[in-house]
Amino acid sequence: MKIIRNVAEMQKQSMELKRAGKTIGFTPTMGYLHEGHASLMEQARVESDIVVASIFVNPLQFGANEDFDQYPRDEARDIQLAKEKGVDYLFIPAVSDMYPNPTGIQMLPNQRIAVLCDRSRPGHFQGVLVVLSKLFHLVQPDYAYFGMKDAQQLAIVDLLIKDLNFPIQLRMVPTVREEDGLAKSSRNVNLTSQERAEAPHLYQALQLAETKIVDGEKNPVNIVDEVKQYIKTYTSALIDYVEILSFPNLTAVDWIDQDVIIALAVQYQHVRLIDNIIVNKAGERVHALR
Ligand code: AMP
C-alpha cells in the first residue's frame, strides 16, 4: 500500500492508473477506521482493480460548536487497517494542501436538504459537497462507496454525481453494527459508559418502527411518536429528530406507500449519534439505492 499525502501527486497517480485502463474504487473517510469503513473497502476490493481510501477530517463540514478538535484520530492504526483490507493507495492530505486558500466556490443543494441533519447542522452538507467534489477530481474513481448510516449524505452524493455528471457509480453499503445493535461510528469512543450502555436502544427504537410497519401501520406520525417515546423511556439522550421521509428524495410522506427512511439523531454529552433504517411499504429492509 502506498501512502500519498500530496494533492497533486494523488491526481497524477490517478491519471496514470486511468491511462493504464485500471478501474478505481474509492472509499472517502474521516479516519479512526472501524468495521464499517472496512466493509466499504472490502466491497471496493471485490469490484475494482485499484482501491483508493482517503482519510481527511474536513474542517469545512464541521460547525463552529461541533467536534472537529475532539474528532478521534489514530493514523498509525488506520494505516494498518487499510493495509489489511487491501487498499492500494491511502490518501491522507493536509488541510493546508486541500484548502490553500479559503474556498471560492460554494455548493448549495436544492433538494434532499432542509430535513434531517441539515436542520441542526447548517452548512454541513455544503462542506461535504465541496470536499467530495475535490476528492472525486483528485481520485477519479469509477466506483465510490458510501455507508447507509449517513443516509442523507448518501442521498446528496447521489444528487451531486447525477446533477454534475461525475462518471462515478455510487454504491450504498449497509450499516455495520456492534453485536448489541449500535451502529459502528468513530464517535462511539466519546460516549460515557452509561451512554454506551443505553445507546443500543436507538437501534431497538428503529426496529420497533419496522415492526409497526410490518404489522400494517401506515401513518408516519404514529410511528414517529412511538419511536420518540421509546427513546425517552430507555435513554438519557436528547432527541434531535426522528423523521420518516421518502428515500432517496427525502420528501415528507403522509402515508407509507413507498420506500421510506426512518432516521433519528440524538445528542449525548459529547457526541451526536445518528442511525436509520430504510424499508419498503411492507416494512422489508431496502439495501440498495433505487
Ligand atoms: P466517516 O469516516 O464517518 O466520514 O465515514 C466514512 C464512510 O464510512 C461514510 O460513507 C460512512 O457512511 C461510512 N460508515 C461510517 N460508519 C459506518 C457503518 N457503521 N457501517 C457502514 N458504513 C459506515
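Amide H contacts of Arg177: Lys184, each under 5 Å away and 5 or more positions distant or on a separate chain (H built 1.01 Å from N in the peptide plane; Pro and chain starts excluded). Report the FRET efficiency, 1/(1 + (r/R0)^6), for Ile3 and Lys281, where r is their Cβ-Cβ distance and R0 is 41 Å, rounded to 0.05. So, using R0 = 41 Å, E works out to roughly 0.30. Setting aside same-chain residues fewer than 8 positions from Lys85, which lysines have a Cα under 23 Å from its Cα? Counting by Cα, and skipping residues close in sequence, Lys85 has these lysines nearby: Lys2, Lys18, Lys22, Lys149, Lys184. Scanning the chain for long hydrophobic helices, with DSSP H runs required to stretch 27 angstrom or more by C-alpha along their axis and to average at least -0.5 on the Kyte-Doolittle scale, returns nothing.
For segment 1-131, the relative contact order comes to 33 percent (Cα pairs under 8 Å, sequence separation of at least 6). Scaled against the 2.2 N^0.38 Å expected of a compact globular protein of N residues, the Cα radius of gyration of segment 186-279 reads 1.08.
Judged by the mean number of other Cβ atoms found within 10 Å, the most tightly packed of the peptides 101-112, 142-153, 223-234 leads the ranking 142-153, 223-234, 101-112.
Projecting label points 7 angstrom from Cα along Cα→Cβ for Glu47 and Asp74 puts them 2.8 nm apart. What the phi angles of segment 185-194 give under the Karplus curve with 6.51, -1.76 and 1.60, with θ = phi - 60°, is a coupling list of 8, 4, 6, 4, 5, 8, 7, 6, 5, 5 Hz, glycine and proline written as x. Each pair of Cα atoms in the chain enters the Kirkwood radius, and Stokes-Einstein at 20 °C and 1.002 mPa s then converts it into a translational diffusion coefficient of 109 µm²/s. The charge dipole of segment 31-75, taken about the Cα centre with unit charges on the Cβ atoms of Lys, Arg (+1) and Asp, Glu (-1), comes to about 80 debye, rounded to the nearest 20.
Close amide H partners of Phe91, meaning residues 5 or more places away or on another chain with modelled amide H under 5 Å apart, are Ile4, Ala53, Ser54, Ile55. Centre-to-centre separation between the Cα atoms of segment 267-290 and those of segment 182-215: 10 Å.
Taking the square roots of five times each eigenvalue of the Cα gyration tensor of segment 2-173, the equivalent ellipsoid has semi-axes of 24, 18, 17 Å, listed largest first.
Read-outs throughout are calculated quantities, based only on the coordinates presented, and are distinct from any laboratory measurement. Keep in mind the model is a prediction, meaning the values are calculated, not measured. Cβ coordinates were reconstructed from backbone atoms using ideal geometry, including for glycine residues, and neighbour counts include every protein chain displayed.
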